[in-house]
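Enquirer: Dropping the structure in here first, questions after.
The values are calculated or read from the model by the stated rules, or taken from the named source; none is laboratory data. Keep in mind the model is a prediction, meaning the values are calculated, not measured. Cβ coordinates were reconstructed from backbone atoms using ideal geometry, including for glycine residues, and neighbour counts include every protein chain displayed. Each accessible area value is taken on the protein alone, full model and side chains, heavy atoms only, with ligands, DNA and RNA left out. Shrake-Rupley method; radii C 1.70, N 1.55, O 1.52, S 1.80 Å.
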Amino acid sequence: MVSLRADGKMLTSDKFHDECGVVAIYANPEAEKLAYLGLHALQHRGQESAGIVTSNGMTLNQHKAMGLVADIFTTAELAKLRGTLAIGHTRYSTAGDSALLNAQPILVQSNKGMMALAHNGNLVNAGEIRSRMESQGSIFQTSSDTEVIVHLIAQSKEHTLPEAMADALRRVEGAFSLVMISPDRIFAARDPRGFRPLAMGRIPTAPGDRQGTIVFASETCAFDLIGAVYEREVKPGELIVVGPEGITSRFYATPLAQSSCIFEHVYFSRPDSRVFGRPVQESREELGRQLAREAPVEADVVVPVPDSGVTAAVGYAAESGIPFRFGLIRNHYVGRTFIEPSQSVRDFGVKLKLNPVRSLLEGKRVVLIDDSIVRGTTSRKIVRMIRNAGAKEVHMRISCPPTISPCFYGVDTPSKKQLIAANKTIEEIREYVGADSIAYLSLEGMKQACGDGEKTTYCTACYTGKYPTRWVDVEDIQPAAVGKQ
Ligand code: AMP
């Protein structure tokens, strides 16, 4: 990413966006298997690489590879990882840095002992810290932000790992939900603004064992699979340490105005998860209801773009009284690369994934619901697909406001140049996607639907261009907007 240094120079690294899921397990005889299952439940947060580091009480062992969780961790690999403590990470990244080298957790042997770290989010001052450290002789092995935190922990003058971690976290800025493992402890922390989620849960165990197994995960859907009960969020600015002494919590920094990512509720998290203390299902259905109130249209069927638009479409249909129909069917087995026929088929890519149900669409006025439009290319193809299936009218409804600014906190949005809503008016977008009408949800409507101001307040920078931190890409935004939110 590109960030601005205090002296006004631009810094670049080939690192850009990371969408990730993290999980941690404290004290279970099958910690490696629980981490594996937790990662499987978080697979939607990243499909490019995954890794697990375990502790057997003495030393740390790791396995990480490119690919999907279920393919990476065979029975034989998991047997090699046997341990009682574990952390795991699943990652999707863009822009040419998908190498295995950047897969997480990052495991190091440092002057503070062995430790491994897994990180969800993006730091906004990693480039600055990195170039300073490199000029002082530090050698980095990866291009990931996370390694900056590892170096800061190793170089901290604090002697204990919790203090060194707290010291390191005070020096970085941006989005981080972290889990860390040492041979006898698990650490979990969130940045002071609480950009990305991290929840704590517990697997109740046999009578006599008071603590049970303590677990952390990006989303609570991971808890459900491993039989853990949700307890609470890791709070913004909080560092929790779980070790032989029990569970301790400290605030390593004063929490700042909370700015949790609203896009977790709009799109990213699973509807069966509780995120930032709020069920995603509730937000997403309400987003659809609110959209129906703000942007009604006379139509025969409500059709979601699967899977991302489904829950909002349920809400839109319920509020409008227009019947909900699965008018597009998704093929769930789309792999990475497909051989295209030499006579190239129009919209081949989207057809691999989606197919219209002609009998449901023919002659109908369709309300097409999706969670977001980014570049607009997918929506354009889907609208064409629905028309080709015989729909009489296609009214596109989007369950969030226009995406006008990139994310620097861990969501994969392209640069402003590629964001259709940053470059075209709503009418021009309608024309581009080929819909009869188009409407987005209002900013206020979205915030209200996601319970803004109740349990959390949200970062909405991708919709407003107002960023809650400094160090964002000045090429991509109006400088005046920085730090205003
Ligand atoms: P497009 O407008 O063609 O760039 O793509 C819009 C589609 O991408 C919508 O169906 C969204 O659900 C989906 N989408 C939006 N943001 C993301 C993201 N960060 N990662 C993956 N898919 C996304």
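Enquirer: Looking only at residues that are of a type in the set (Gly, Ala, Ser) and part of a loop (DSSP other than H, G, I, E, B) in the range 18-58, which one is least open to solvent (accessible area, probe 1.4 Å)?
Expert: That would be Gly46.
Enquirer: I would also like to ask the following. What are the residues in the range 408-433 that are in contact with a His (Cβ under 6 Å, 6 or more places away or on another chain) and either in a helix (DSSP H, G or I) or modelled with pLDDT of 95 or more (or both), if any?
Expert: none
Enquirer: Of all residues in the range 402-420 being touching a strand residue (DSSP E or B) at 6+ places or on another chain (Cβ under 7 Å) and open to solvent by 10 Å² or more (accessible area, probe 1.4 Å), which is farthest from the ligand (Cβ to nearest atom)?
Expert: Filtering first and then ranking leaves Pro402.
Enquirer: For the range 225-241, check the following and say yes or no: at least one residue is within 16 Å of the ligand (Cβ to nearest atom), aliphatic (A, V, I, L, M) and under 19 Å from the mean Cα position of the chain (by Cα).
Expert: No, that holds for no residue.
Enquirer: Can you tell me which condition Tyr92 does not meet? The list is (1) within 26 Å of Ser260 (Cβ to Cβ); (2) open to solvent by 30 Å² or more (accessible area, probe 1.4 Å); (3) outside any strand (DSSP E or B), and all the others hold.
Expert: All conditions are met except number (3).
Enquirer: Evaluate the following for Arg470: is it outside the structural domain of Glu319 (by TED's automatic domain parsing) and surrounded by fewer than 22 Cβ atoms within 10 Å (Cβ to Cβ)?
Expert: Against the criterion (outside the structural domain of Glu319 (by TED's automatic domain parsing) and surrounded by fewer than 22 Cβ atoms within 10 Å (Cβ to Cβ)), Arg470 qualifies.
Enquirer: Which residues, taken from the range 258-312, are of a type in the set (A, V, I, L, M) and either under 16 Å from the mean Cα position of the chain (by Cα) or in a helix (DSSP H, G or I) (or both)?
Expert: Ile262, Val266, Val275, Val280, Leu287, Leu291, Ala292, Val310, Ala312
Enquirer: Do the conditions hold for Arg250, that is, is it of a type outside the set (Gly, Ala, Ser), surrounded by 13 or more Cβ atoms within 10 Å (Cβ to Cβ) and in contact (Cβ under 8 Å) with a residue 60 or more places away in the chain?
Expert: Answer is yes for this residue.
Enquirer: Applying the selection to the range 216-253, what residues are among the aliphatic types (A, V, I, L, M) and under 15 Å from Val275 (Cα atoms)?
Expert: Residues satisfying the conditions are Ala217, Ala222, Val229, Val234.
Enquirer: Against the condition in the same structural domain as Val367 (by TED's automatic domain parsing), away from the ligand (no atom under 15 Å from the Cβ) and closer than 24 Å to Glu264 by Cα, how does Cys450 come out, does it pass?
Expert: yes
Enquirer: Which residues, taken from the range 434-454, are of a type outside the set (A, V, I, L, M) and in a helix (DSSP H, G or I)?
Expert: Answer for the range 434-454, where residues must be of a type outside the set (A, V, I, L, M) and in a helix (DSSP H, G or I): Glu444, Gly445, Lys447, Gln448.
Enquirer: Quick test of your reading of the structure: Ser442 fulfils all but one of (1) surrounded by fewer than 22 Cβ atoms within 10 Å (Cβ to Cβ); (2) within 14 Å of the ligand (Cβ to nearest atom). Name the failing condition by number.
Expert: It is condition (2) that Ser442 fails.
Enquirer: May I pose another question? Inside the range 421-430, can you point out the residues that are touching a strand residue (DSSP E or B) at 6+ places or on another chain (Cβ under 9 Å) and surrounded by fewer than 17 Cβ atoms within 10 Å (Cβ to Cβ)?
Expert: Ile426, Glu427, listed by residue number.
Enquirer: Here is a follow-up. From Thr248, Thr254, grab the single residue that is in a loop (DSSP other than H, G, I, E, B) and not assigned by TED's automatic domain parsing to the domain that holds Met385.
Expert: Thr254
Enquirer: Yes or no: Thr90 among the β-branched types (Val, Ile, Thr), within 21 Å of Val150 (Cβ to Cβ) and under 16 Å from the mean Cα position of the chain (by Cα)?
Expert: Spelling it out, Thr90 is indeed among the β-branched types (Val, Ile, Thr), within 21 Å of Val150 (Cβ to Cβ) and under 16 Å from the mean Cα position of the chain (by Cα).
Enquirer: Out of Leu361, Leu368, Leu354, Leu328, I need the residue that is in contact with a His (Cβ under 8 Å, 6 or more places away or on another chain) and open to solvent by less than 10 Å² (accessible area, probe 1.4 Å). Which one?
Expert: Leu368
Enquirer: Any idea which residue in the range 376-401 is farthest from Phe195 (Cα to Cα), counting only those that are within 12 Å of the ligand (Cβ to nearest atom) and under 19 Å from the mean Cα position of the chain (by Cα)?
Expert: Of everything passing the filter in the range 376-401, Ser399 is farthest from Phe195 (Cα to Cα).
Enquirer: Would you be able to say whether some residue in the range 219-226 is farther than 18 Å from Asn28 by Cα, touching a residue at least 40 places away in the same chain (Cβ under 8 Å) and either in a loop (DSSP other than H, G, I, E, B) or open to solvent by 10 Å² or more (accessible area, probe 1.4 Å) (or both)?
Expert: yes
Enquirer: Name every residue in the range 378-405 that is among the basic types (Lys, Arg) and under 28 Å from Gln448 (Cα atoms), in order of residue number.
Expert: The answer is Arg397, and nothing else.
Enquirer: Would you call Gly315 open to solvent by 60 Å² or more (accessible area, probe 1.4 Å), assigned by TED's automatic domain parsing to the domain that holds Ala421 and more than 11 Å from the ligand (Cβ to nearest atom)?
Expert: no
Enquirer: Do the conditions hold for Gln136, that is, is it without any contact (Cβ under 8 Å) to a residue 60 or more places away in the chain and out of contact with any strand residue (DSSP E or B) (no Cβ under 7 Å at 6 or more places or on another chain)?
Expert: In short, yes.
Enquirer: Would you check if there is a residue in the range 335-358 being away from the ligand (no atom under 16 Å from the Cβ), modelled with pLDDT of 95 or more and of a type in the set (D, E, K, R)?
Expert: Looking for residues that are away from the ligand (no atom under 16 Å from the Cβ), modelled with pLDDT of 95 or more and of a type in the set (D, E, K, R), one finds at least one in the range 335-358, hence yes.
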